[in-house]
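Structure, as C-alpha cells:
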Amino acid sequence: MRKANILAERNVDDLLDKLRGLFADITAEDIMIKSVVTLTKDRTMWQAKELMRICKISGVPITDGDNQLEGIVSIEDIIVALEGNYITDPIEKHMTRDLITFSPETNLEMLIERFNRYRYGRFPVVDSNGKLLGIISKKDIIGAVLDKFRLIYVHDTRRREVLERSVDWFDKSLISGDYVEKTSADFVYHIDYTDIDTAGVGSAKLKSYLKTLTDDDTLIRRVSIACYEAEVNVVIHSGSEGYIFAWYDEDVARVRVEDYGRGIDNVEQAMKEGFSTASDHVRELGFGAGMGLPNMRRYSDKMVVVSEAGKGVVVEMHFYRNGRK
C-alpha cells in the first residue's frame, strides 16, 4: 500500500511538473486557503495533535496575537513527540521555526519547484511583514490546475458551439442566443477601416445619441469607452469594414461590434493587458497599447468575444443602468 501511494504521488509530481509552465499566471494568492486554523506557542503539543485530528489536517501554523507567523507543527513533529514522551510540552519548545514561505505573488512554477525541492506537505503564505495570509498544500495546487482546465474547457466548448451553429454567428446574439434583428437596431454605424483618422467617430456618435435617451452619465461613459476600444480594434487590426449596432431600453444598453476581417488567433492572449499586434506606425499614432479587449471587459457588465482566423470578430457587450444586472 505504501509503495502504491509513493507511485501515485510521483505521478502527480510528474503531471504538475509538465503543467507548471502552462498556467504561469496562477499565483499563491489564487490558490491558498485563507481560513487557516492556527495555535499560539504557549499551547501544548497534545493540543496541536487533537486539533489536527479534529480538523483532519496535517499541520498547524503557530502565530502570535497579531497573526505574525512564528513556526509550524506538523504531524511528523507530533509522532516524534509521542515517541519521545514529551507530548504535553509547550509548542514553543518543539515547533519548526526555520520556515519556507511564499509571498502572495509567487507563481505556480515557483510553487511547484519549492514543493518538489523541500517535499513539505504545506507551505504558509505571508505578506511582506510576516503576517500569515493563508496556507497551500499540493492538493490546493491540483485543485487550482483542474479549475483552470475547467474554465478552458467551458470557454472552448462555448466557442465551438457558437462557431459550428447552423445559423451564422454573425446573426445570433452571443449572450442571449436569440436571433439578432440588426434592422431594428436603434443605432447603426459603418466603420471605415481605410481611414485611421476616423477611428472613434462611431463611438462618439453613439455617445451623443445615448445622451438624447438617458441622463445616466455613468452608463453613457462606460458604453462609449468600450465601444471606442472595439471600433479602434476594427480599424487597426481587421483589414475589413465593420459595423456598430446598439439597442437601448430602460434597463440595458446592448452594443454589438463586428467585422469580417483577419480575426483573432488567440482570444485568451488578446485579453491580456499590454498584448498587441499593432504595427509601429499604428503605435506612433497613439493606438495599439494592448488595452482594447481588457477595457471592453472592464467597462461592460457582460461581454462575449467570438472570432476565428480569417472569419472576422464579433464583440457583444451589455451595459446595465445604475449597475443593475
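The values are calculated or read from the model by the stated rules, or taken from the named source; none is laboratory data. Quantities reported herein were computed from a predicted structural model and do not represent experimental measurements. Heads up, the Cβs are rebuilt from the backbone with ideal geometry, glycines too, and the neighbour counts pull from every protein chain shown. Only protein heavy atoms, including side chains, enter the accessible area calculation; ligands, DNA and RNA are left aside. Shrake-Rupley method; radii C 1.70, N 1.55, O 1.52, S 1.80 Å.
Could you provide, to the nearest whole Å², the per residue accessible area of the stretch 181-273 with probe 1.4 Å?
Numbers: 4510 Å² over 93 residues.
Normalised by residue count, the accessible surface of the stretch 181-273 is 48 Å².
Karplus couplings for the stretch 191-197 from phi (6.51 cos²θ - 1.76 cosθ + 1.60, θ = phi - 60°), rounded to Hz, Gly and Pro as x?
Rounded to whole hertz, the list is 8, 8, 6, 7, 10, 5, 5.
I want the local charge near S128. Using Cβ-Cβ distances under 15 Å, sum +1 for each Lys or Arg and -1 for each Asp or Glu among the other residues.
Details: positive: K131; negative: E29, D66, E105, D127.
Net charge around S128: -3.
So for R256, R43, R97, what's the accessible-area order with a 1.4 Å probe, most first? Mind dumping the intermediate values first?
Numbers: R256 0, R43 110, R97 135 Å².
Reading off the accessible areas and sorting them downward yields R97, R43, R256.
Which order do D195, D215, D140 take by accessible area at a 1.4 Å probe, largest first? Can you show the working numbers first?
Details: D195 55, D215 125, D140 35 Å².
Ranked list, largest accessible area first: D215, D195, D140.
Dipole magnitude of the stretch 52-113 about its Cα centre, charges +1 at Lys/Arg Cβ and -1 at Asp/Glu Cβ only, in debye to the nearest 20?
320
Using θ = phi - 60° and the Karplus form 6.51 cos²θ - 1.76 cosθ + 1.60, what ³J(HN,Hα) does each residue of the stretch 129-136 get, whole Hz, x for Gly and Pro?
Result, rounded to whole Hz: 9, x, 7, 6, 9, x, 9, 10.
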